[in-house]
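The values are calculated or read from the model by the stated rules, or taken from the named source; none is laboratory data. Here the structure is a predicted model, which means the values were calculated and not measured. Heads up, the Cβs are rebuilt from the backbone with ideal geometry, glycines too, and the neighbour counts pull from every protein chain shown. These area figures cover heavy atoms from the full protein model, side chains too; ligands, DNA and RNA do not enter into them. Shrake-Rupley method; radii C 1.70, N 1.55, O 1.52, S 1.80 Å.
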Amino acid sequence: MDEQPSSKTWGKPIKCRAAVSRQPGEPLVIEEITVAPPMAREVRIRIVCTSLCHSDVTFWKMKDYPAIFPRIFGHEAMGIVESVGEGVDEVTEGDSVIPFFMSDCGECIDCRSKKSNLCSNLPFKVSPYMHRHETSRFTDLKGEVLYHFLFVSSFSEYTVVDIAHVTKIDPSIPPNRECLLSCGVSTGVGAAWRTANVETGSTVAIFGLGSIGLAVAEGARLCGATKIIGVDLNPDKFEIGKKFGVTEFVNAGECGNKTVSQVINEITGGGADYCFECVGLASLVQEAYACCRKGWGKTIVVGVDKPGSKLSLSSFDVLHSGKTLMGSLFGGLKAKTDIPILLKRYLDKELQLDEFITHEVKFDDINKAFDLLIQGKSLRCVIWMDK
């Protein structure tokens, strides 16, 4: 950029508060940290609000690599650009933005193709550093490095994010709605919309009715699916699911001597057109594959399983069933083009976002958000930085 904005903090370190995770599974500690200025192709953002995702909890509990501490978690957020590094011209000081964990560089063959959202220049990985420069922008007051999480680290009043992980958004939309599209809702809706390309009049089965599974239901509803079957162990999820288009419910713990896949095959008369695994269990992937329709059925893996988990499928069945098994990272979305589309659909009262927010807390009460999610009491808890 030719001119520097007038920000008093431009090019200087910022001291601010962050919720630091110092030991696995222990409450986050609100402490003062230093956030370095953005380097080339990076953006420093003042976080307005953030929300808690299951992935934060999973890595917060994790004791072995890729777990690393001390770390600043958080990857669903909305914020305002405070300053930008050299070579950034997509956003400028004062812009409303959403950060996201999947790169969208706009330059590599994958980002330029409509077939994939898996960037080659900055491929996805669970790194403790910035994506491009492999260093941290966070230190505590003792000078100790604090590690990043999923290239966002939004549990801090200020964070630094690579421009490939940021998109400019309409500032008129409430921040607590916008932040939901930073990960969870986008992932679920995108899995139905972009990855599976659910067709009007089709039948869908969703394994796991947490926030991601409900977002898949919402995406399937938007695509015109007529039968959306939710599978969960908690019968209360059916009433919640109805808000997002779930038409039938299968309690996985009450199938008698039948498997869940057998029950769904009976309900659908031969299998669902699309099956989504939203829990992160190899055994459920196999159940989902077993009840997607022969010939054209698609099974989409959305849930994150433990590293090293294996699938076991019969090669005979793969050959003779004609089914498709595919993964969906960030719902197959290209963030910089698809997030604005989803926000427009929210403004047009097509996409439901309000219904995902079950709780809102102050930044000082961030550990309450963890408690609510772990206890199964919340879908999305929005954490406000300045309220």
task = With 25 Å as the limit, write out which pairs from Lys63/Lys125; Lys12/Lys168; Lys334/Lys368 have Cα-Cα distances beyond it, or answer none.
result = Lys334/Lys368
remark   = Ranking Tyr289, Met62, Val161 by how far each Cα lies towards the positive end of the charge dipole of the chain (+1 on Lys and Arg Cβ, -1 on Asp and Glu Cβ), the top one is Tyr289
note = Taking a ≥ b ≥ c as the square roots of the Cα gyration tensor eigenvalues, with a/c under 1.5 meaning rounded and otherwise prolate when a/b beats b/c or oblate if not, the stretch 1-159 comes out oblate
message = Per residue, how large is the accessible surface of the chain? Use a 1.4 angstrom probe and give square angstrom.
response = 43
ask   = In nm, what is the difference between 0.36 nm times the number of residues separating Val145 and Asp170 and their Cα-Cα distance?
value = 5.6 nm
Accessible area of Glu266 in the full protein assembly, 1.4 Å probe (Å², nearest 10) = 110
request  = Express the relative contact order of the chain as a whole percentage, based on alpha carbon pairs under 8 Å and six or more residues apart in sequence.
outcome  = 16
query = For the stretch 185-329, what is the relative contact order in percent, using Cα pairs closer than 8 Å and at least 6 residues apart in sequence?
reply = 22
ask   = Charges only on Cβ, +1 for Lys and Arg, -1 for Asp and Glu: so what's the dipole of the chain about the Cα centre, in debye to the nearest 20?
value = 600
ask   = Any idea of Asp365's accessible area? Nearest 10 Å², probe 1.4 Å.
value = 60
ask   = Roughly speaking, what is the centre-to-centre gap between the stretch 22-97 and the stretch 203-262 when only Cα atoms are used, to the nearest Å?
value = 33
inquiry  = Within the stretch 185-329, count lysine pairs with alpha carbon atoms under 17 angstrom apart where the residues are 8 or more positions apart or belong to different chains.
reply    = 6
request  = Roll a 1.4 angstrom probe over the protein heavy atoms and tell me the percent of accessible area of the chain that is carbon or sulfur.
outcome  = 51
inquiry  = Run through the stretch 306-346 and list the trypsin sites (Lys or Arg not before Pro) located in a DSSP loop whose Cβ has at most 10 other Cβ atoms within 10 Å.
reply    = Lys310
note = The farthest towards the positive end of the charge dipole of the chain, of the residues Val97, Asn257, Gly143, given +1 on Cβ of Lys and Arg and -1 on Cβ of Asp and Glu, is Asn257
